[in-house]
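Worksheet: one structure, shown below.
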């Protein structure tokens with residue numbers, strides 16, 4: 001079996017990227033990262049230096065709303 005990195009909880013900080021932040025009742029913090037990805041393990045930071053849920057909430061408040069397009073439903077005769 002190939003060697004795999006061992007990640008222990010609370011050992012350090014991780015640099016994350018994400019598309020946006022949304023409210024979520026599924027998590028105790030009430031927030032979820034959409035399309036989250038790990039960029040790297042931050043060996044230069046301790047866990048107590050990492051951003052907090054308060055930082056995430058501030059980012060959520062400042063993020064731009066995602067604009068979606070709506071499609072009009074057409075009737076069988078092609079009218080809207």
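Values as computed for the structure displayed
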read-out: Filter result for residue 5 (modelled with pLDDT of 90 or more, loosely packed, with under 10 Cβ neighbours inside 10 Å and not in a helix (DSSP H, G or I)); value: no
read-out: Of all residues making up segment 53-80, the number that are modelled with pLDDT under 90 and under 20 Å from the mean Cα position of the chain (by Cα); value: 6
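The values are calculated or read from the model by the stated rules, or taken from the named source; none is laboratory data. These figures come from a predicted structure and were not determined experimentally. Glycine also receives a Cβ, built like all others from the backbone with ideal geometry; neighbour counts cover every protein chain displayed.
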